[in-house]
Amino acid sequence: MKTANGFQIIEMFEQFSPKQYAMEGDPIGLHVGQLNKPVTKVMIALDVLEEVVDEAIECGVELIIAHHPLIYRPLKKIDTTVAGGRIIEKLIKHDITVYAAHTNLDVAKGGVNDLLADALQLQDTEVLIPTHEIALKKLVVYVPKADEQKIREALGKAGAGAVGNYSYCSFSGEGTGRFLPGEGSEPAIGSLGKLEAVAEVRVETIFPENIEKKVLSAMIKAHPYEEVAYDIYKLENKGESLGLGKIGVLAEEMSLEQFSEHVKQTLDVDKVRVVGDLHSPIKKVAVLGGDGNKYFTTAKFKGADVYVTGDMYYHTAHDAMMIGLNIVDPGHNVEKVMKKGVARILKEMCHERNFDVEFIPSEINTDPFRFI
C-alpha cells in the first residue's frame, strides 16, 4: 500500500466532483491548512462545527472534506473566544486541513442529489435543472493485433465505451503500422535503426471528457509500445446532462401521507413539513437537496406530483399550493446522506490506486433544529 498526500486525495475527489460544476461565487476548495502533507485518515462531514472538529481531533484526522463551506464570507478577524474563531484555532493547532465541495457536489454524478434520489428509491431519474453537459470525445489508438483484446478490456474497465445502457463499446480495423526506432529508444518490437512494419489494429471508442486522465492512463499502462500512437477527437454528439436535483418515479404509487412516511424512513428524519392534500396520489417525484425554493415551478413543469426539498418558505408554500404541487420538506440536514456516500466513493478510488487511506463519515448530528 502507498501513502497518499492531500493533493492526491483532492485530485481524486475533483475527478468525481470537479470545481467547474460549482455555481458562480460558491466558496469551494481549500479553506484552512495545506494539502502538501501525508494523509492517512479523512473525515467526510456535512458541516464544520466545533463539535465536528473535536471529533476529527479525537479520531486523528488530517483532512476534512465538507459539503457546507466553513468560510462563506471573507473573515475580518479570528476571535478565539467565540466558536467560529476556536474552530480555526483548533484546526491550525492540530494541523487539520479543511476542503469544501458545495454546489459542485450537488451537481456531480453520484453526488448529493443522486444519493437522495437513490435513498428515496426513485427509478428512471433525470436531472431536474440542467447546468452542465459532459462533452464526449473519441479515442483512436493503434496496437499490435496480439494486444488488441488487452487494450479494449483496459479501456472498458476505465469507463470508455459507455453508450446508453451498453458498455465496453468499441470498433476495430486492421492495418499496418510502420516505425523506425531511433537512438535511445527501447522498442517492444523491432530493432534500432531498422524500419519495422507491424500488423496492427486501430481501436476506436468514446468516453466522457471528465474521465480522460483515467482512460489515457489505463490505455498507456496496458499498451506494449514505449511510445503509444493515439488520437483524441472532440465529438458533437450530445453528452450526459448534469445539474441540480433529480426527478424520477416510484415503483408503486402511494398517497402523499404514505410518501411522507417513506421520506422519513429513507432519509432518516423524525418529522417532515408537508404541503398539499394527504390523499393526493404520488408517483413522480422531484428532489433537490438543501434550499430548493427557487425551483418548485420547474418541478411542477416537469410533471412532479411532489417536490422534496428543504428550507421551504411560507409564501413559496402558498405558491406551490396554488399551482397544485405537493411539497415534502425534510429539512436541509438530509444532505447528510453525502457523508457515507462520498466516503464510499473515495474509498473505492483509493483502493484502485493502492493508497492506504481511511475514510470516516462524521458521526456528529449538525442539524440545528429540534421538534418539540
Original post:
Going through the stretch 324-372 one residue at a time, which ones are without any contact (Cβ under 8 Å) to a residue 12 or more places away in the chain and of a type in the set (A, V, I, L, M, F, W, C)?
Top reply: Ile372
**OP:** Specify the residue that is farthest from Glu252 (Cα to Cα); the eligible residues are those in the stretch 273-297 that are over 28 Å from the mean Cα position of the chain (by Cα) and among the small types (Gly, Ala, Ser).
**Re:** Gly276
Original post:
Pairs under 7 Å by beta carbon, first residue of a type in the set (D, E, K, R) and surrounded by fewer than 14 Cβ atoms within 10 Å (Cβ to Cβ) in the stretch 10-27, partner modelled with pLDDT of 95 or more and assigned to a helix (DSSP H, G or I), six or more apart or different chains?
Top reply: Lys19/Asn104
Original post:
Of all residues in the stretch 298-328, how many are more than 16 Å from Val263 (Cα to Cα), within 25 Å of the chain's Cα centre (by Cα) and open to solvent by 10 Å² or more (accessible area, probe 1.4 Å)?
Top reply: 2
Original post:
Could we say that Val42 is out of contact with any Ser or Thr (no Cβ under 9 Å at 6 or more places or on another chain), surrounded by 17 or more Cβ atoms within 10 Å (Cβ to Cβ) and part of a strand (DSSP E or B) here?
Top reply: yes
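Residues checked against (1) more than 23 Å from Ile57 (Cβ to Cβ); (2) of a type outside the set (Phe, Trp, Tyr):
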site	(1), (2)
Asn293	yes, yes
Gly303	yes, yes
His315	yes, yes
Met322	yes, yes
Asn326	yes, yes
Leu346	no, yes
Phe359	no, no
Pro368	no, yes
Original post:
Among the residues of the stretch 84-116, which ones are of a type in the set (A, V, I, L, M), open to solvent by 10 Å² or more (accessible area, probe 1.4 Å) and closer than 15 Å to Gly290 by Cα?
Top reply: Leu115
Original post:
In the stretch 138-152, which residues are open to solvent by 20 Å² or more (accessible area, probe 1.4 Å), touching a residue at least 12 places away in the same chain (Cβ under 8 Å) and out of contact with any helix residue (DSSP H, G or I) (no Cβ under 8 Å at 6 or more places or on another chain)?
Top reply: Lys138, Tyr142, Lys145, Glu148, Arg152
Original post:
Mind checking whether some residue in the stretch 228-236 is open to solvent by 40 Å² or more (accessible area, probe 1.4 Å) and farther than 13 Å from Lys137 by Cβ?
Top reply: yes
Original post:
Can you tell me which residues in the stretch 242-284 are basic (Lys, Arg) and open to solvent by less than 80 Å² (accessible area, probe 1.4 Å)?
Top reply: Lys246, Lys264, Lys283, Lys284
Original post:
more than 30 Å from Asn165 (Cα to Cα), surrounded by 15 or more Cβ atoms within 10 Å (Cβ to Cβ), touching a helix residue (DSSP H, G or I) at 6+ places or on another chain (Cβ under 8 Å) and in contact (Cβ under 8 Å) with a residue 60 or more places away in the chain: does that describe Ile129?
Top reply: no
Subject >> Residue count for the stretch 181-209, restricted to those that are open to solvent by 70 Å² or more (accessible area, probe 1.4 Å) and under 30 Å from Ala162 (Cα atoms) >> reply: 2
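The values are calculated or read from the model by the stated rules, or taken from the named source; none is laboratory data. In this text, all values refer to a predicted model and were calculated from it rather than measured experimentally. All Cβ positions, even for glycine, are placed from backbone atoms using ideal geometry, and neighbour counts span all protein chains on display. We work out accessible area using only protein heavy atoms, side chains counted, and drop any ligands, DNA or RNA first. Shrake-Rupley method; radii C 1.70, N 1.55, O 1.52, S 1.80 Å.
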